[in-house]
């Protein structure tokens, strides 16, 4: 049986890697968090943790009530139900449940008393600005990349008005409606002053590019992004494929920005669960191969939702230097799969990856998502370094620091810069 993780490493090596991984600041390159200037859009606190859609979906495994009845409850009442079902009536063994406990423990709170009222009183005393800093410090996160959509009716006016930016929060331009719902998006662009038609004429493509240029500049986007369904293909006679080819990717090339493709979302397989209702499907990684080959001067970021896509994704990254693989996303963001996928990536493509992003929707989640992921990444790295030792190669402390800096944002930054 093959030895894995840290079992063949010396205690000194394991301790050194664990310390470096635990103390190296990380750039969280994909989240659903917001700059504090967005006010209530930046979610944080106990009730937000408990009504996170992962937990809501899990709680409905036990809840004997109509979906609409649950959604009609206040957030506090929903959180009470989730706590009762997942933490009181059953042991909180899932990763999402354990994450809540990790957060409370890191904050110095004791969930064993199971006193939600006392926990809520503590959170009610926290001031947003101070709490943001505390969460970032506890998570060891130096920078957070948001997900920003100009099609969001709440978010859009804030960007148009302008605000003082918090340098710890950077932006990514999300364009799902542009690519995936062109029939609905074209009229909106027309209302906003872009002379587009439903058909993709030369004038329409030019105006779409002007829209992308305007919003890339307005939010100072680090990259553009879209979440794609399993059936996405390229090349294809679809609005998504044609808009990518004719407008989006030429814009990315000229702006020097990567295009992030997040493969595998099956939208609303159970609409009654709302945000928790999406599923997963096997994607066509051949579409990514074709894009990387067709656009060698454009940079692509990619992650896949299905476990079955991970090996092919790694092999594709070996073939195209304009592709950077990142993160264990959504349903793959559980310890067993993070460890398997991270080891596979290091074995196949070395350190030219970004093994993790938090995908956090609630600020507090960065604490547990990075604490848990760091432990796993440390185990995988230790195992790889132990294998090097057996092969006659010894890494120095500074080389370990260099490698971890790369994994925690350095490799991503160089890829985005093109150097």
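The values are calculated or read from the model by the stated rules, or taken from the named source; none is laboratory data. All figures in this text were calculated on a predicted structure; none of them were measured in a lab. Don't worry about glycine lacking a Cβ; one is built from the backbone with ideal geometry, like all the others, and counts go over all protein chains shown.
Descriptive notes on the structure:
- Test: residue 129 is buried (at least 16 other Cβ atoms within 10 Å of the Cβ), at pLDDT 95 or above and out of contact with any helix residue (DSSP H, G or I) (no Cβ under 6 Å at 6 or more places or on another chain): no
- One residue from 411, 360 being in a loop (DSSP other than H, G, I, E, B), modelled with pLDDT of 95 or more, farther than 21 Å from residue 308 by Cα and in contact with a strand residue (DSSP E or B) (Cβ under 8 Å, 6 or more places away or on another chain): 360
- Residue list for segment 38-47, filter: out of contact with any helix residue (DSSP H, G or I) (no Cβ under 8 Å at 6 or more places or on another chain) and either surrounded by fewer than 18 Cβ atoms within 10 Å (Cβ to Cβ) or part of a helix (DSSP H, G or I) (or both): 39, 40
- Search result, residues across segment 254-287 that are touching a strand residue (DSSP E or B) at 6+ places or on another chain (Cβ under 6 Å), within 24 Å of residue 171 (Cβ to Cβ) and not in a loop (DSSP other than H, G, I, E, B): 259, 260, 261, 262, 263, 265
- Any hit, segment 179-191, residues being in a helix (DSSP H, G or I) and in contact with a strand residue (DSSP E or B) (Cβ under 9 Å, 6 or more places away or on another chain): yes
- Looking only at residues of segment 258-270 that are touching a helix residue (DSSP H, G or I) at 6+ places or on another chain (Cβ under 7 Å) and buried (at least 21 other Cβ atoms within 10 Å of the Cβ), we find that the one that is nearest to residue 415 (Cα to Cα) is 258.
- Number of positions in segment 18-37 that are assigned to a loop (DSSP other than H, G, I, E, B) and buried (at least 19 other Cβ atoms within 10 Å of the Cβ): 7
- Among the residues of segment 229-244, those that are touching a helix residue (DSSP H, G or I) at 6+ places or on another chain (Cβ under 8 Å) and either part of a strand (DSSP E or B) or crowded, with 18+ Cβ neighbours inside 10 Å (or both) comprise 232, 234, 239, 240, 243, 244.
- Residues of segment 363-372 satisfying the condition of being in contact with a strand residue (DSSP E or B) (Cβ under 9 Å, 6 or more places away or on another chain) and under 11 Å from residue 338 (Cβ atoms): 369
- Within segment 249-272, the set of residues being under 21 Å from the mean Cα position of the chain (by Cα) and either within 20 Å of residue 324 (Cβ to Cβ) or touching a residue at least 24 places away in the same chain (Cβ under 8 Å) (or both) comprises 252, 257, 258, 259, 260, 261, 262, 263, 264, 265, 266, 267.
- Going through (1) touching a strand residue (DSSP E or B) at 6+ places or on another chain (Cβ under 6 Å); (2) in contact (Cβ under 8 Å) with a residue 24 or more places away in the chain; (3) surrounded by fewer than 17 Cβ atoms within 10 Å (Cβ to Cβ); (4) assigned to a loop (DSSP other than H, G, I, E, B) one by one, residue 297 falls short only on (1).
- When 221, 186, 195 are checked against the criterion of being surrounded by 13 or more Cβ atoms within 10 Å (Cβ to Cβ) and without any contact (Cβ under 8 Å) to a residue 24 or more places away in the chain, a single residue qualifies: 186.
- Flag for residue 323 being in contact with a helix residue (DSSP H, G or I) (Cβ under 6 Å, 6 or more places away or on another chain), in contact (Cβ under 8 Å) with a residue 12 or more places away in the chain, closer than 22 Å to residue 258 by Cα and crowded, with 23+ Cβ neighbours inside 10 Å: yes
- Which listed residue, of 100, 93, is farther than 24 Å from residue 136 by Cβ, under 24 Å from the mean Cα position of the chain (by Cα) and modelled with pLDDT of 95 or more: 93
- Pick from segment 390-414, criterion in contact (Cβ under 8 Å) with a residue 60 or more places away in the chain and farther than 15 Å from residue 15 by Cβ, ranking: farthest from the chain's Cα centre (by Cα): 390
- Residue satisfying condition, being in a helix (DSSP H, G or I), modelled with pLDDT of 95 or more and touching a helix residue (DSSP H, G or I) at 6+ places or on another chain (Cβ under 6 Å), within set 311, 251: 251
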